[in-house]
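Before any comments, here is the structure.
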Amino acid sequence: MRISVIIPAAGSSTRYNSGADDPLGTGRSKLDEDLGGKTVLQRSIELFNTREEVAQVIVAGPYDDDAFADFKLRHADRISLLGATLVQGGKDHRYETVANALRVVDASCTHIAIHDAARPATNAALIDRLFDAAKTHPAVVPGTPVSDTLKRIDPDPLDDSSEVDPVASILGVGTRHSMHRVDSTIDRTNLMQVQTPQVFERELLARAYAQDDLSSTDDAGLVERLGEPVVIVEGDPLNIKLTRAGDLPLVRAIMGVKGPSERPTHKRF
Ligand code: CTP
Ligand code: MG
């Protein structure tokens, strides 16, 4: 098995910057956050770059030329030291980013693994499980059972859950908590929450990405659209995706690393 790993890193961290933690919207990329002296992006690359089966790691950065130039200033040195290849990602959707990265996949690779740059805490045993399962199944993804009750809501907020005072919002003293009416409860039997890395035979993923309609929130969805089987292997609840600002302390705790302010001064940068 020779695996090419694609790491989509072209997102805009919108949810990361939209909480009460960032009322002024400073627009920080979550992939630049510090995890024990390394960026989130570096940690995600390091999950793969020294693995024997991995022949190539491709990082797909921002689509926009200016944003890509800026991304290069911040990350290109490290990406090249780690032996990874850097390409530009897609404009609006993750699947466009993956489609761009697919163009530089080495033809000698038998498999492609796709892993969110924003998921740096994946443990090695999970990757072992997936790579092992990929030897016998052409499409494998990690999943965990849904444990909370799921409800579908009416998307329109109730009238009495309006915005807080804008000044209070800028000062970070008020947060909007919208309330919604529940439509129905979803039966969670046999429902799984799906993570990355997702691993595919190269030829199968190429066929999946040759379809006209690429809209999907994950790569396996495109394989399913072909009518081909996708297999779920046991995921890890701690394999969380850094999505909102409040996830950063969790990711640090899971990885057992400290933020810069908790480290001695000479180890902060
Ligand atoms: N991603 C990407 N190209 C896009 C959108 C997302 O490469 N057009 C990447 C992100 O960089 C991230 C992964 O896909 O590593 C998962 O996406 P998500 O967590 O949604 O990150 P963002 O899109 O950056 O966040 P948000 O949706 O809050 O803006
Ligand atoms: Mg996104």
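The values are calculated or read from the model by the stated rules, or taken from the named source; none is laboratory data. Just so you know, these numbers come straight off a predicted model, no measurement behind them. Note: ideal-geometry Cβ built from the backbone for every residue, glycine included; neighbour counts use all protein chains shown.
So that you can scan it fast, the table gives a plain yes or no per residue for (1) within 26 Å of residue 124 (Cα to Cα); (2) in contact with a Ser or Thr (Cβ under 6 Å, 6 or more places away or on another chain); (3) modelled with pLDDT under 95:
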| residue | (1), (2), (3) |
| --- | --- |
| 164 | no, no, yes |
| 176 | no, no, yes |
| 181 | no, no, no |
| 194 | yes, no, no |
| 199 | yes, no, no |
| 223 | yes, no, no |
| 230 | yes, no, no |
| 233 | yes, no, no |
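A Cβ distance below 9 Å, combined with a sequence gap of six or more or placement on separate chains, defines the contacts here; from region 89-105, residues that are without any contact (Cβ under 8 Å) to a residue 60 or more places away in the chain reach residues that are surrounded by fewer than 19 Cβ atoms within 10 Å (Cβ to Cβ) and of a type in the set (Asp, Glu) in the pairs 91/64. Give me the residue from region 7-31 that is of a type outside the set (Gly, Ala, Ser) and more than 16 Å from ligand 2 (Cβ to nearest atom) and, out of that set, modelled with the highest pLDDT. Restricting to residues being of a type outside the set (Gly, Ala, Ser) and more than 16 Å from ligand 2 (Cβ to nearest atom), the top hit is 26.
Filter region 82-93 down to the residues that are closer than 14 Å to residue 48 by Cα and aliphatic (A, V, I, L, M) and list them by number.
Start the filter on region 82-93 by keeping residues that are closer than 14 Å to residue 48 by Cα, which leaves 82-85.
Within region 82-93, 82, 84 meet the criteria.
Taking region 97-156 as the range and being within 16 Å of ligand 1 (Cβ to nearest atom) and surrounded by fewer than 14 Cβ atoms within 10 Å (Cβ to Cβ) as the test, only 103 passes.
Kindly check whether there is at least one residue in region 66-79 that is within 13 Å of residue 116 (Cα to Cα), more than 9 Å from ligand 1 (Cβ to nearest atom) and among the charged types (D, E, K, R). Scanning region 66-79 turns up no residue that is within 13 Å of residue 116 (Cα to Cα), more than 9 Å from ligand 1 (Cβ to nearest atom) and among the charged types (D, E, K, R). Tell me, yes or no, whether region 43-60 has at least one residue that is part of a helix (DSSP H, G or I) and either touching a Ser or Thr at 6+ places or on another chain (Cβ under 8 Å) or within 16 Å of ligand 2 (Cβ to nearest atom) (or both). Looking for residues that are part of a helix (DSSP H, G or I) and either touching a Ser or Thr at 6+ places or on another chain (Cβ under 8 Å) or within 16 Å of ligand 2 (Cβ to nearest atom) (or both), one finds at least one in region 43-60, hence yes. Name the residue that is nearest to the chain's Cα centre (by Cα), counting only residues in region 197-216 that are of a type in the set (A, V, I, L, M, F, W, C) and either surrounded by 20 or more Cβ atoms within 10 Å (Cβ to Cβ) or closer than 27 Å to residue 240 by Cβ (or both). Selected residue: 199. Restricting to region 70-100, count the residues that are within 16 Å of ligand 2 (Cβ to nearest atom) and of a type in the set (Gly, Ala, Ser). So the answer is 3. Let me spell it out: the conditions are (1) more than 14 Å from ligand 1 (Cβ to nearest atom); (2) acidic (Asp, Glu); (3) under 17 Å from the mean Cα position of the chain (by Cα), and residue 33 meets all of them except one. Which number is the exception? Residue 33 satisfies every listed condition except (1).
Taken over region 206-228, the criterion of being more than 16 Å from ligand 1 (Cβ to nearest atom) and touching a strand residue (DSSP E or B) at 6+ places or on another chain (Cβ under 7 Å) is satisfied by 223, 228. In this structure, is residue 63 assigned to a loop (DSSP other than H, G, I, E, B), within 12 Å of ligand 1 (Cβ to nearest atom) and among the aromatic types (Phe, Trp, Tyr)? Against the criterion (assigned to a loop (DSSP other than H, G, I, E, B), within 12 Å of ligand 1 (Cβ to nearest atom) and among the aromatic types (Phe, Trp, Tyr)), residue 63 qualifies. Counting the residues of region 221-269 that are in a loop (DSSP other than H, G, I, E, B) and within 16 Å of ligand 2 (Cβ to nearest atom) gives 6.
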